[in-house]
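Below is one structure; the comments refer to it alone.
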Amino acid sequence: MIFTLWKKEVDAYFSSPLAFVLIGLFSLISGIIFFNLLVTYTDGIQALPPNYTEQISFVEEVVLKFFANVNFLFLVFIPLITMKLFSEEIRQETLDLYWLSPIKEWELVLSKTLAAFTLVLSMLLITGVFPLVIWGVGIRDFHLLGTSYLAVSLNACAYIALGLFCSSISGNQIIAALLSVLGIMFLWMITWGGHLNSNYVVSEIFTYIGITSHFERSLRGILGTQDIIYYFSFVSIFSFLTVKSLGRRNW
Amino acid sequence: MDKILVVDRVCKEYPGRVAVSEASFAVAKGSIHGFLGPNGAGKSTTMKMIAGILPTSAGEIKLFGQTVSPENRELKNQLGLLPENAPLYPDMKVETYLQYVAKLHGVSKAKDQVNKVMEELHLTEVRARLIGNLSKGFKQRVGLAQAIVYDAPFLILDEPTNGLDPQTVFELRDFIKKLSIDKTILFSSHVLSEVEQLCNDITIIHKGKIRASGNLQDIHRKFRQGLVIKIGLGLGEKLPDLGSFGKFEVTHHSSLSMEEQFILNFESESDIRSDLGRFILDRGLKLMTLHVESPELEDIFLHMTETKK
């Protein structure tokens, strides 16, 4: 049943120009970012004396910065992907179709999460040409690439869960998208708040609740149990809230 | 007759507002049950509660002997609903949409079933078109198709012919009649003549309260108080003194092109037509018309919903 629901959502994405516009824009912007990072890196290398070139790390200056920028792009792209998933159903009163069928709320939420993730993966797939460039300059660290893609994918899952919840509480797509953007920004700001707080315990709590520290660790390939628990809890909590929000709307 | 649906003292309350209050009625197996009421009377709310997509605040609804609730998934394939706004995806093709609905309900041969339903509702010619591009009439047919595509034995149709052209109304009405051969239908409409044509039983709801429920003929009988007789006399003729026939009231008088028409409401229900005819003729008056008027459903509806404000 989840496959039927997932397929319908994926078909809906790819039968409208939105998916292609998003994939195209994402490829273009991420391409420009990658190119700029490469140019900055090579300019930096050329400006240094030959013995000092190793002080500028390609991984630090290009690879990690590129994926950090991809994460930044998600701030705009993921709310655009998730905004209509429930709000459009609420506006068109099509949710009745599911409440009249034996489908359970969680199956609907899971299938929409998977469909949104499928579109994000399609966008990330295009960035697959960049590892080829990296391969060309002699960086063949597949572990690093794997963890970088895993890190942005985990963040994408968290943002999708948050975006779906925002979509479930509003019948207006624009409001749903704005709430998602604010929600993601809030997740980033909590970490900054943690850095600014002088109290050690409060600082640690803020840093754990915020997504940035988990993303940075994942990006560097040091994904720990606490990060896995964080992402799993985050997605579960927001999916649960979405299920409850749909149930409450029904009541 | 077996009662498929029993609505027992059902209430629906929203903060600061009671949408449905102590509603009780039953729907017999194999019937088309008309559900009438003005806008905002609580029809759609009641229908959604029966469909199990809106929980009740109090009371109980039993369908096929099982209590209806949003959590009772056993009943989901037993009931088809065409809400006031059909749940349609404008960016899906008709055939794809119907197959999707059939799959949601676990129909094993979804393709065959969809073909059959599309043929019955004359949707085959638009099967490959996007729902959003269809006319209102076709959209309503697709809405009806989604309610019957999984062959549920009980259907709830909320104003299925509202706002459609006469040809489509006629076709849909005919189709609903055919459906009632092996299905039970709860049907709401604003067109009272349509309800009279299609339904054997009716329920009238007003301001969230059930005003009348039961067999249409019984309701007619209950509503009729005394005897209403329409008399046509020659042009310019006046009504003689009919005091000997008991207490009565002239509820209507109009001068038509051929006759003077009077509608008399007698308190007594005994049939006085022959005596009344003879009485008028004996007085040298011309008797053009004389017949008993039965109350129209419209009269009953207006009486139930307007005079009880």
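The values are calculated or read from the model by the stated rules, or taken from the named source; none is laboratory data. Note that the coordinates shown come from a computational prediction; the quantities given were computed from them, not determined experimentally. FYI the Cβ positions are ideal-geometry reconstructions off the backbone, even for glycines, and counts take in every protein chain you see. SASA here: full protein model, heavy atoms, side chains in, ligands and nucleic acids out. Shrake-Rupley method; radii C 1.70, N 1.55, O 1.52, S 1.80 Å.
Suppose we keep just the alpha-carbon trace of the protein assembly as shown; what are its Rg and Dmax in angstrom?
34.2, 135
Order these peptides, A:65-72, A:26-33, B:97-104, by their mean beta-carbon neighbour count within 10 angstrom, highest first.
Those peptides, ordered most packed to least, come out B:97-104, A:65-72, A:26-33.
Label residue A:196 and residue A:72 with points 7 Å out from Cα along Cα→Cβ: what is the distance between them in nm?
Label at residue A:196, label at residue A:72, 1.9 nm between them.
Hey, can you rank B:50-61, B:253-264 by average C-beta count inside 10 Å, highest first?
Result, highest mean Cβ count within 10 Å first: B:50-61, B:253-264.
Could you please tell me the mean projected area of the C-alpha convex hull for region A:59-112, averaged over all directions and given in square nanometres to one decimal?
4.9 nm²
Per-residue mean of other chain beta-carbon atoms within 10 angstrom of the beta-carbon, peptide A:91-97?
6
Using all alpha carbons of region B:187-232, what is the percent of pairwise distances in each 10 Å bin, ordered from the shortest bin to the longest?
Using 10 Å bins, I get a P(r) of 22, 46, 26, 6, 0 for region B:187-232.
Let me know the number of lysine pairs in chain A closer than 16 Å at the Cα, not counting same-chain pairs under 8 apart.
Lysine pairs meeting both conditions in chain A amount to 7.
Shielding of A:36-46 by partners, i.e. mean partner chain Cβ atoms within 10 Å per residue?
Whole-number average of other-chain Cβ neighbours for A:36-46 is 0.
Working out 0.36 nm times the residue gap between residue A:216 and residue A:35, then minus their Cα-Cα distance, what length gain in nm do you get to one decimal?
In short, 63.0 nm is gained.
Using a basic spin-label model with each label point 7 Å from the Cα along Cα→Cβ, how many nm lie between residue A:59 and residue A:204?
If labels sit at residue A:59 and residue A:204, their model points lie 2.8 nm apart.
Computed over the Cα atoms, what is the radius of gyration of region B:102-207 divided by 2.2 N^0.38 Å, N being its residue count?
In units of the 2.2 N^0.38 Å rule of thumb, it is 1.11.
Per residue, how much space in cubic angstrom lies within the convex hull of the C-alpha atoms of region B:36-158?
Hull volume over Cα atoms, normalised by residue count, gives 119 Å³.
With axes computed from alpha carbons, what is the tilt in degrees of helix B:166-179 against the longest principal axis of chain B, rounded to the nearest 10 within 0 to 90?
In chain B, helix B:166-179 runs at an angle near 70 degrees to the longest axis.
Calculate the mean, over all residues of peptide B:70-77, of how many other protein chain Cβ atoms lie within 10 angstrom of the residue's Cβ.
Counting Cβ atoms of other protein chains within 10 Å of each residue's Cβ and averaging gives 3.
First measure r as the distance between the Cβ atoms of residue A:45 and residue A:121, then evaluate 1/(1 + (r/R0)^6) with R0 = 25 Å and state the FRET efficiency to the nearest 0.05.
E between residue A:45 and residue A:121, to the nearest 0.05, is 0.15.
Does anyone have the angle between helix B:110-120 and the longest principal axis of chain B? Alpha-carbon axes, 0 to 90°, nearest 10?
The angle comes out near 30 degrees.
Could you check the simple spin-label distance between residue A:20 and residue B:221, using points 7 Å along Cα→Cβ, in nm with one decimal?
6.8 nm
Counting each DSSP H run of 4 or more residues in chain B as -39500 (n - 2.57), what helix-only mean residue ellipticity at 222 nm follows after dividing by all residues, to the nearest 500 deg cm²/dmol?
Helices in chain B give a 222 nm mean residue ellipticity of -8500 deg cm²/dmol.
Treating only the Cα positions of chain A as identical point scatterers, give the base-10 log of I(q)/I(0) from the Debye formula at each q in 0.11, 0.15 Å⁻¹.
-0.65, -1.09
Could you put A:208, A:230 in order of accessible surface area, largest first, with the 1.4 Å probe and the full protein assembly present?
Accessible-area ranking of A:208, A:230, largest first: A:208, A:230.
Hey, what D do you get for region B:225-293 in µm²/s if you plug the Kirkwood alpha-carbon radius into Stokes-Einstein at 10 °C and 1.306 mPa s?
132 µm²/s
Provide Rg over Rh for region A:80-150; use the alpha carbon set for both Rg and the Kirkwood Rh (inverse mean inverse pair distance).
When Rh is taken as the Kirkwood radius, the ratio is 1.24.
Report the calculated FRET efficiency for residue B:209 and residue B:181 (r = Cβ-Cβ distance, R0 = 41 Å), to the nearest 0.05.
So the FRET efficiency works out to roughly 0.80.
Whole percent per 5 Å bin, from 0 to the bin with the longest distance: what is P(r) over all C-alpha pairs of region B:3-222?
It works out to 1, 7, 15, 19, 20, 16, 12, 7, 2, 0, 0, in whole percents.
Using the Cα centre of region A:2-250 as the reference point, and only Cβ charges (+1 on K/R, -1 on D/E), how large is the resulting charge dipole? Debye, rounded to the nearest 20.
440 debye
Using only the heavy atoms of the protein chains and a 1.4 Å probe, how would B:300, A:45 rank by accessible area, largest first?
Sorted by accessible area, descending: A:45, B:300.
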